[in-house]
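Computed from the coordinates by the stated procedures, all read-outs in this text should not be read as laboratory data. Keep in mind that this is a model prediction, so the values were computed, not measured. So basically every Cβ, Gly included, is an ideal-geometry build from the backbone, and we count neighbours across all protein chains shown.
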Amino acid sequence: MDDTSGAMAPIQDLPSALDHYEAIEQRLGDKRLAVFLDYDGTLTPIVARPELAVLSDHMREVVTDLAGLCTVGIISGRDRHDVEQLVGIDSLVYAGSHGFDIGGPDGLAVQHDHGTSFLPVMQTLADHVEARLGDVEGSLVERKKYSIAVHYRLVADDEVAVVEAAVDETLAEPEFANIRKTLGKKVFDLQPAIEWHKGKAVEWVMHALDLDHDDVLPMFFGDDLTDEDAFAALAANGLGVVVVSDSARPSGADYGVPEVPDVGLLLERLAATLRSR
């Protein structure tokens, strides 16, 4: 990768992965490919409520096909069990809760020890946030094993500040001093403040599967701020592709695609390249 690898650029200025596919194909060369995919906003469109993000039959077929040709992993902020059920492909590696809980074929499994120690705190945190939110219409506290997502997509614009204040006031309590808030698309993600994230999860999976070698090209597909950790982790030896749904922020991805269906098109082209060898 060139000297600008890993640099942040305005997301709308990133080159199109589809228009520059030949460059991606050249970068792949005769290397093995490992593909890691976010779920919400990457494999499925962003929807009003988490349970409505259903993988299309076509996208499932595309991912299944690619998984027969190379390693494919899903790296999601959802609980691992949840995303496994939604995707429904047994041959994939799944990392849930931003990488705190990883599982896959042939007994591949890890649960981050420090994350496990936070489980009682996260339960209490969710209770406190819900109590503070009270009757804010449209707000949703999504309880996950290792994190909490406070959704405000359905909250009136003049009530969003109330939601964030409820989150911030709760995190200011001494017992939650080791919890951090990160921003997503109409959501506040609350996670243990330890050095573990989607980028670390990708690195762990690559090492566990003996993929951390020069003859492997890892690619990560994402759309949100939490995916930037993965783009950064692969900056030196891989490629990042971001779904360009927010033109107001910078990204460390190498390429962009306009919409979720374009992710499917790019995965199809990658599968065709591998099959043609």
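Worth a mention:
- The protection proxy used here, the mean number of other Cβ atoms lying within 10 Å of each residue, ranks peptides 37-49, 264-276 as follows, highest first: 37-49, 264-276.
- Spin-label model distance (nm) - Ser117 vs Leu69, 7 Å beyond Cα toward Cβ: 4.5 nm
- Efficiency of FRET from Cβ geometry, Ala131 and Asn178, R₀ 25 Å, rounded to 0.05: 0.75
- Dividing the Cα radius of gyration of the chain by its Kirkwood radius returns 0.97 for Rg/Rh.
- For the range 75-143 and the range 157-228, distance of Cα centres in Å: 11 Å
- Residue order, fewest to most surrounding Cβ atoms within 10 angstrom, among Ser97, Ser117, Ser139: Ser117, Ser139, Ser97
- Among the listed pairs Lys31/Lys198; Lys145/Lys185; Lys144/Lys186; Lys31/Lys144; Lys145/Lys186, those with a Cα-Cα distance over 29 Å are Lys31/Lys144.
- The gain in end-to-end length when the Leu265 to Thr124 segment is fully stretched comes to 46.5 nm, 0.36 nm per residue minus the alpha carbon separation.
- CD proxy at 222 nm, helix term only [per DSSP H run n ≥ 4: -39500 (n - 2.57); per residue of the chain; nearest 500]: -10000 deg cm²/dmol
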